[in-house]
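Participant: Below you will find the structure I want to go over with you.
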């Protein structure tokens, strides 16, 4: 029951009606017995400049930020976490004493999901795609003592720009190439991470970017897409017996981390995962 003491959190995006974040966070809030509420806010691009001042005026405690505002919102923040600054995108905002500080929990969510299933230290990682998710994950990998990072993209200029940006800001020399040249790298790859929308609903029949015969059973294959749970590339990984990581885990753990940033309280990740799976029509995440 919302009352005058309820602390408000939410997610902003355009669109935002499809987001599972309100369902996930409110289930967590209820399980912890907290007087909080998490609400979706549909914010158009032309109104983004009013977002932070409006949230402060309404005493909102924290926000998640989704497409298309993750980059644009930065210019209106008072502070930004160093990782989010390097990534150049914010998906979490905390309001404290009139100060709006931006964070990126997508990166942390991805690393938590990966490390839950495989050791990533000293591994050779192949990242498919050069968009915002690739940027977040690639920067996070630089803090995990991986051996190498190679970014593949269908447009070489985007891959080059991202690789050069990361290389200039970290101790890593990030390699890049065209997606069509993936076979050159797979022999030495330990972890494949798909950050592209390939195979995402409704395009579930997209041809996978990498096939089973190009993989090996010692690999870990992580697809950040979580609708459907089993994407094309994960189906291929199953054929060869590779370790598979679903995008649902990244979505879950970024939410867990956001809640911790806002409140200092550990989220009930089991309740959050259960409600996501139920909403997705999945009984059990199984091997994922």
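The values are calculated or read from the model by the stated rules, or taken from the named source; none is laboratory data. Given the structure is predicted, the values throughout are model-derived calculations rather than measurements. Cβ coordinates were reconstructed from backbone atoms using ideal geometry, including for glycine residues, and neighbour counts include every protein chain displayed.
Participant: Take residue 196 and tell me if it is in contact with a strand residue (DSSP E or B) (Cβ under 7 Å, 6 or more places away or on another chain) and not assigned by TED's automatic domain parsing to the domain that holds residue 27. Give the derivation first.
Facilitator: Values: in contact with a strand residue (DSSP E or B) (Cβ under 7 Å, 6 or more places away or on another chain): yes; not assigned by TED's automatic domain parsing to the domain that holds residue 27: yes.
Yes.
Participant: Would you mind stating whether residue 200 is surrounded by 16 or more Cβ atoms within 10 Å (Cβ to Cβ) and either more than 26 Å from residue 19 (Cα to Cα) or touching a helix residue (DSSP H, G or I) at 6+ places or on another chain (Cβ under 7 Å) (or both)? Steps first, answer last, please.
Facilitator: Numbers: surrounded by 16 or more Cβ atoms within 10 Å (Cβ to Cβ): yes; either more than 26 Å from residue 19 (Cα to Cα) or touching a helix residue (DSSP H, G or I) at 6+ places or on another chain (Cβ under 7 Å) (or both): no.
So residue 200 does not fit the description; no.
Participant: Here is a follow-up. Pull up region 166-197, narrow it to residues that are part of a helix (DSSP H, G or I) and touching a residue at least 12 places away in the same chain (Cβ under 8 Å), then point me to the one that is nearest to residue 245 (Cα to Cα).
Facilitator: Step one: list which residues in region 166-197 are part of a helix (DSSP H, G or I), which gives 166-169, 179-181, 183-186.
Okay, now just the ones that are also touching a residue at least 12 places away in the same chain (Cβ under 8 Å), so 166, 169, 179-181, 183, 185-186.
Numbers: 166: 24, 169: 28, 179: 21, 180: 23, 181: 24, 183: 21, 185: 20, 186: 18 Å.
Ranking the qualifying residues of region 166-197, first place goes to 186.
Participant: Report yes if residue 159 is within 20 Å of residue 239 (Cβ to Cβ), within 22 Å of the chain's Cα centre (by Cα) and assigned by TED's automatic domain parsing to the domain that holds residue 129, otherwise no. Walk me through how you get there before you give the answer.
Facilitator: Values: within 20 Å of residue 239 (Cβ to Cβ): no; within 22 Å of the chain's Cα centre (by Cα): yes; assigned by TED's automatic domain parsing to the domain that holds residue 129: yes.
Spelling it out, it is not the case that residue 159 is within 20 Å of residue 239 (Cβ to Cβ), within 22 Å of the chain's Cα centre (by Cα) and assigned by TED's automatic domain parsing to the domain that holds residue 129.
Participant: Now for a different question. Quick check: anything in region 14-25 in a helix (DSSP H, G or I), out of contact with any strand residue (DSSP E or B) (no Cβ under 6 Å at 6 or more places or on another chain) and within 17 Å of residue 251 (Cβ to Cβ)? Working first, answer last.
Facilitator: So the first thing to find is which residues in region 14-25 are in a helix (DSSP H, G or I), and the list is 21-25.
Imposing the further condition that a residue be out of contact with any strand residue (DSSP E or B) (no Cβ under 6 Å at 6 or more places or on another chain) reduces the set to 23-24.
Narrowing further to those that are within 17 Å of residue 251 (Cβ to Cβ): 23-24.
Yes, region 14-25 has at least one match.
Participant: Continuing with this model, one more query. With closer than 25 Å to residue 265 by Cβ and touching a helix residue (DSSP H, G or I) at 6+ places or on another chain (Cβ under 9 Å) as the only criterion, which of 12, 43 stands out? Give the derivation first.
Facilitator: On the way: 43 fails: closer than 25 Å to residue 265 by Cβ.
The unique qualifying residue is 12.
Participant: Which of the residues belonging to region 226-258 are touching a residue at least 60 places away in the same chain (Cβ under 8 Å) and surrounded by fewer than 20 Cβ atoms within 10 Å (Cβ to Cβ)?
Facilitator: 243
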